[in-house]
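Enquirer: Here it is: the structure, laid out below.
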Amino acid sequence: MNFIALDVETANADLASICQIGIAHFADGRFSEKWESLVDPEDEFDFVNIAIHRIDQSMVTGAPTFPALCETIRKKLVDTVVACHTPFDKMAIRSVFAKYGLDLPAITWLDTARVVRRTWLELSRSGYGLAPVAKRLGIEFEHHNAAEDARAAGEILIHAIRETGLSVDEWVVRVMKPIGSSPGGYTSERITRDGNPEGALYGEVAVFTGRLSMTQNEAADRAAAAGCDVANLVTKATTLLIVGDQDVRKLAGHDKSKKHRKAEQLVEKGQPIRILRETDFLAMASIVE
């Protein structure tokens, strides 16, 4: 749960024309601090770019050039995962190192736009830009300020980690796989089942959340065999929320999945939803099958 998020603004269409860079640090799954600097791109400013980020030539006069900041930035990027929203910032960093003939360090990048598209299936094709996703998740930030954009990207990653149960390192692997695949027991695929009418748990409507010991397809099959209808989302029809054991530690805290929070809200309104550990549910299912 330790990583940094990075964002840059550029003076013109050349990705190497970085005029501001921002880095947000996250420790133990929470934002801890941010660092930012204006940068003299040693290049012209395009009015289109100025209209977006409101940085012009007068603001970077006297600011350090990228080579002057290089060692500071290099130390922040190595030995950690560097999150950014879309490949723009990754390519800008590569371009500016090449522009000045600087040695690019080995960096482990994580594109949070790809994370979003694999966490929330409804955003897999559209709506996964930084601003709309931040709004959806209730993340307030000053858009097109590099440090603020970096913080928002990091907060989005934290939300995805809570939603799926996948760690930062697991997400580095996950984003390279197709949308809808299920490494580590998690899948963004919509999974539903009709319960076996002869099953002892017939009439229960089960929803799974968090990282499971098996794929959600396998878990859904087990639940359906025991009689449960299996749904993808928590609704007023839900009677069972089954939480992956690795997410049980979140039960007493606030780092819970969206499904978990929705279930608790419905319980507070009087809906009888039982929340179970995966292990307990599977043990119960094996008894009643």
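The values are calculated or read from the model by the stated rules, or taken from the named source; none is laboratory data. In this text, all values refer to a predicted model and were calculated from it rather than measured experimentally. Note that we place each Cβ from the backbone using ideal geometry, even for glycine, and neighbour counts take in every protein chain shown.
Enquirer: Filter the helices (runs of 4 or more DSSP H) completely within the range 93-168 down to those with at least 1 residues that are among the acidic types (Asp, Glu) and in contact with a helix residue (DSSP H, G or I) (Cβ under 9 Å, 6 or more places away or on another chain). Break it down into steps so the answer makes sense when it comes.
Expert: Values: elements: 112-119, 130-137, 146-164.
Counting at least 1 such residues, we get 146-164.
Enquirer: Pairs under 9 Å by beta carbon, first residue closer than 14 Å to ILE21 by Cα in the range 49-64, partner modelled with pLDDT of 95 or more and acidic (Asp, Glu), six or more apart or different chains?
Expert: Pairs found: HIS53/GLU9; ILE55/GLU9; VAL60/ASP40; ALA63/ASP40; PRO64/ASP40.
Enquirer: How many residues does the range 210-235 contain that are touching a Leu at 6+ places or on another chain (Cβ under 7 Å) and farther than 26 Å from TRP171 by Cα?
Expert: Adding up the residues that qualify gives 4.
Enquirer: Name the residues in the range 257-289 that are among the hydroxyl-bearing types (Ser, Thr, Tyr) and modelled with pLDDT of 80 or more, would you?
Expert: Of everything in the range 257-289, just one residue is among the hydroxyl-bearing types (Ser, Thr, Tyr) and modelled with pLDDT of 80 or more, namely THR279.
Enquirer: Starting from the range 216-228, keep only residues that are without any contact (Cβ under 8 Å) to a residue 60 or more places away in the chain, then list their pairs with residues that are surrounded by fewer than 23 Cβ atoms within 10 Å (Cβ to Cβ) and among the aromatic types (Phe, Trp, Tyr) whose Cβ atoms are within a distance under 8 Å, requiring at least 6 positions of separation or different chains.
Expert: What qualifies is CYS228/TYR202.
Enquirer: Filter the range 96-128 for residues that are within 22 Å of CYS19 (Cα to Cα) and either β-branched (Val, Ile, Thr) or exposed (fewer than 14 other Cβ atoms within 10 Å of the Cβ) (or both) and give the result.
Expert: Initial filter on the range 96-128 (within 22 Å of CYS19 (Cα to Cα)): 96-105, 107, 109, 111.
Of everything in the range 96-128, those that are within 22 Å of CYS19 (Cα to Cα) and either β-branched (Val, Ile, Thr) or exposed (fewer than 14 other Cβ atoms within 10 Å of the Cβ) (or both) turn out to be VAL96, ALA98, TYR100, GLY101, ASP103, LEU104, ILE107.
Enquirer: Of all the residues that make up the range 216-230, how many are over 20 Å from the mean Cα position of the chain (by Cα) and over 17 Å from PRO197 (Cβ atoms)? Even if it seems obvious, please write down each step before you answer.
Expert: First pass over the range 216-230, keeping only residues over 20 Å from the mean Cα position of the chain (by Cα): 217-230.
When the remaining residues are screened for being over 17 Å from PRO197 (Cβ atoms), the result is 217-219.
So the count comes out to 3.
Enquirer: Restricting attention to the range 96-154, which residues are among the hydroxyl-bearing types (Ser, Thr, Tyr) and under 14 Å from the mean Cα position of the chain (by Cα)? Give the steps one after another, and end with the answer.
Expert: Kept after step one, since they are among the hydroxyl-bearing types (Ser, Thr, Tyr), are these residues of the range 96-154: 100, 108, 112, 119, 124, 126, 128.
Those that are among the hydroxyl-bearing types (Ser, Thr, Tyr) and under 14 Å from the mean Cα position of the chain (by Cα): THR112, THR119, SER124, TYR128.
Enquirer: May I pose another question? Quick check on the range 37-48: of everything there that is crowded, with 16+ Cβ neighbours inside 10 Å and over 32 Å from the mean Cα position of the chain (by Cα), which residue is farthest from ALA16 (Cα to Cα)?
Expert: Taking the candidates together, the pick is PHE45.
Enquirer: Need pairs with beta-carbon distance below 7 Å; first residue over 17 Å from MET1 (Cα atoms) and within the range 71-86, second among the charged types (D, E, K, R); sequence gap 6+ or separate chains.
Expert: THR86/ASP111
Enquirer: Hey, among the residues in the range 186-222 that are at pLDDT 85 or above and of a type in the set (Gly, Ala, Ser), which one's nearest to GLU264 (Cα to Cα)?
Expert: Restricting to residues being at pLDDT 85 or above and of a type in the set (Gly, Ala, Ser), the top hit is ALA206.
Enquirer: Which residues, taken from the range 73-95, are surrounded by 14 or more Cβ atoms within 10 Å (Cβ to Cβ) and among the β-branched types (Val, Ile, Thr)?
Expert: Scanning the range 73-95 gives ILE73, THR80, VAL81, VAL82, THR86, ILE93.
Enquirer: Same structure, new question: Could you tell me whether any residue of the range 134-157 is touching a Leu at 6+ places or on another chain (Cβ under 6 Å), surrounded by 21 or more Cβ atoms within 10 Å (Cβ to Cβ) and farther than 11 Å from ALA5 by Cβ?
Expert: Looking through the range 134-157, none of the residues is touching a Leu at 6+ places or on another chain (Cβ under 6 Å), surrounded by 21 or more Cβ atoms within 10 Å (Cβ to Cβ) and farther than 11 Å from ALA5 by Cβ.
Enquirer: Checking VAL234 against (1) in a loop (DSSP other than H, G, I, E, B); (2) at pLDDT below 85; (3) of a type in the set (Val, Ile, Thr), which test does it fail?
Expert: For VAL234, the failing item is (2).
Enquirer: I'm checking my understanding of the structure. Among residues of the range 51-68 that are surrounded by 17 or more Cβ atoms within 10 Å (Cβ to Cβ) and within 32 Å of the chain's Cα centre (by Cα), which one is nearest to ILE4 (Cα to Cα)?
Expert: Among those residues, the one meeting the criterion is PHE66.
Enquirer: Pick from ALA5, ALA11, ALA16: which is of a type in the set (A, V, I, L, M, F, W, C), crowded, with 19+ Cβ neighbours inside 10 Å and under 30 Å from HIS159 (Cβ atoms)?
Expert: None of the other options fit; the residue is ALA5.
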